[in-house]
1. Karplus couplings for the range 46-55 from phi (6.51 cos²θ - 1.76 cosθ + 1.60, θ = phi - 60°), rounded to Hz, Gly and Pro as x?
2. I need Met1, Met25 ordered by Cβ neighbour count within 10 Å, fewest first.
3. Run the numbers on the range 5-95 and let me know its relative contact order in percent, using alpha-carbon pairs under 8 Å that are six or more apart.
4. Ordered by residue, what ³J(HN,Hα) values in Hz, to whole numbers, does the range 67-77 give under the Karplus form 6.51 cos²θ - 1.76 cosθ + 1.60, where θ = phi - 60° and Gly and Pro are x?
5. So, in Å, what gap is there between the alpha-carbon centers of the range 3-47 and the range 67-93?
6. When Rg is the radius of gyration of the Cα atoms in the range 5-95 and Rh is its Kirkwood radius, what does Rg/Rh come to?
7. For a quick check: with amide H placed at 1.01 Å from N, whose amide H comes under 5 Å from Thr17's, ignoring anything fewer than 5 positions away on the same chain?
8. Below 11 angstrom from the Cβ of Ser4, what's the summed charge of the other residues (Lys, Arg +1; Asp, Glu -1)?
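Read-outs: derived from the displayed coordinates by stated rules, not from any lab. Please read these numbers as outputs of a predicted model, since none were measured by experiment. Using ideal geometry, Cβ is built from the backbone for each residue, glycine included, and neighbour counts are taken over all protein chains shown.
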Amino acid sequence: MISSVDVKSAAGAVVTTLRLSTKAMVRLERENGIPIHQVLQKLDKEGSVDLVAGIFAAAMNDGKGGAEDDAYDAIDEVGGTVDAVVFVGEAIGLAFPAAEKTDDDVVALEEPVGNGKGKKPSK
């Protein structure tokens with residue numbers, strides 16, 4: 001099960017709960033016309049208020065979604081888009097946790113490769 005994050009106002013009251021459920025991801029894909037990974041890349045690159053509000057609307061109410069006006073109100077209650085995007089980031093992290101590495105996984109090189117200057121070493 002995908003975990004959720006409580007969205008709290010500056011006073012500490014829970015405003016809504018965000019969960020990037022399958023329903024929320026499908027809604028975001030349909031609204032944006034691109035796969036979810038591209039929606040998240042778009043958020044990372046552009047960070048538009050419209051996209052943050054869209055993610056809030058899709059993921060609020062524990063992943064069941066809500067109306068855009070309710071998302072706008074929730075974002076205002078937490079202090080605006082800059083504060084709201086922190087909660088969106090937490091919800092994304094819970095939906096896509098980093099895979100744990102095992103001994104069977106490829107081990108990263110311990111020493112850097114090359115001279116670090118992006119050109120061939122001089123002779």
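1. Residue by residue, the range 46-55 yields 9, x, 5, 4, 4, 5, 4, 5, x, 5 Hz.
2. Met1, Met25
3. Result for the range 5-95 is 36 percent.
4. 6, 4, 4, 5, 5, 4, 4, 5, 5, 5, 5
5. Computed from Cα coordinates, the inter-centre distance equals 9 Å.
6. Taking Rh as the inverse mean 1/r over Cα pairs, Rg/Rh reads 0.93.
7. When sequence neighbours closer than 5 places are left aside, the close amide H contacts are Val7, Asn61, Asp62.
8. After counting each charged neighbour, the total is -1.
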